[in-house]
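Here the structure comes first, spelled out in structure tokens, and everything after it is commentary.
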Amino acid sequence: MADQPSDGQSPAGDDTTWQAGAPSAEAAVEHLADEPKPPAPADLTAAAFFDVDNTMVHGSSLVHFARGLAARKYFTYRDVLGFVYAQAKFQLTGRENSEDVAEGKRKALSFIEGRPTTELVELGEEIYDEIIADKIWPGTRDLAQMHLDAGQQVWLVTATPFELADTIARRLGLTGALGTVAESVDGVFTGRLVGEILHGTGKAHAVRALAIREGLNLRRCAAYSDSYNDVPMLSLVGTAVAINPDADLRDLARKRGWEIRDFRTARKAARIGVPSALALGAAGGALAAIASRRNER
């Protein structure tokens, strides 16, 4: 596969700087210390990292969450119009906009300030059942399951608030989630973030930090995204896959020889097969999983 990294390093020509101490990455990974540790996988050094919006979930997970909150009268009509506008633009262009991300951050923080963390978790569970479950791309879910069946970890990596991302991960049976971390004191949100939104290079930093913590070999890992903004994360692993890609990511994927999967039309989905390198890696992991189960008997 072309332009792939060696031992987790950024490829030549990539503008990403792997400085230590990126606050968003540290917050995303350190936040996992409070979460129950998932069972040890059979394939210990490989994992898959999935973006959420328009990759695992059709559209914006935060907008879907806002729809559920609007139905519960948490937002005014003006707020709902703003979210609908952002969703429509995201659906039409397939691209994330930094100004929209910042506005979403402001509204999300204003909503959660002073509220208990348990409330956000409970609302996420309810809204997942009502709205988000039907927005999961079956093709992307199948790819995640392929990694799970191979005994590998599968993580969501997203700008979505951790609590909602973690709910999606748990409902899909995935290993866990790295998301934007909102500060809380004594179980109550302060309205501030720990670090910044987990976006762009922040995702790559978080994946790298998680790989160190879990002992992962990034050359054996895979990453999936729809957005050009996630090129740093995609460039970090051995197998990069563009899912429902925006125009810029599609062009880059073709230049670098990355796999492309498009589930937005049945015609495109049928035309593109299972990623070859990915399938080989999963097959190897599956053999390791079988061997591990036999040894346990």
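Read the figures in this text as sums done on the coordinates, not as results from a lab. In this text the structure is predicted, and so the values were computed from the model without any measurement. With ideal geometry, Cβ positions are generated from the backbone for all residues, glycine too; neighbour counts draw on all protein chains shown.
The table below gives the values:
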item	result
18 Å reach of a label modelled at ARG264, 7 Å along Cα-to-Cβ, counting backbone N of segment 220-247	224-231, 241-247
Protection proxy ranking of 122-135, 141-154 - average other beta-carbon atoms within 10 Å, highest first	141-154, 122-135
Point-charge dipole on Cβ atoms (K/R +1, D/E -1) for segment 159-205, about Cα centre, debye to 20	200
GLU122 versus ARG171: modelled label distance in nm, points set 7 Å from Cα along the beta carbon direction	1.7
Karplus (6.51, -1.76, 1.60) ³J(HN,Hα), θ = phi - 60°, over segment 62-67, in Hz, Gly and Pro reported as x	5, 5, 4, 5, 4, 4
Amide H contacts under 5 Å for ASN244, placed H, 5+ residues apart	ARG261, ASP262, PHE263
Under-5 Å amide H pairs with VAL57, H placed in peptide plane, nonlocal only	TRP137
Over segment 203-262 - Rg/Rh using Cα atoms and the Kirkwood inverse-distance radius	0.99
Net charge, ALA209 excluded, C-beta distance under 10 Å - Lys, Arg +1, Asp, Glu -1	-1
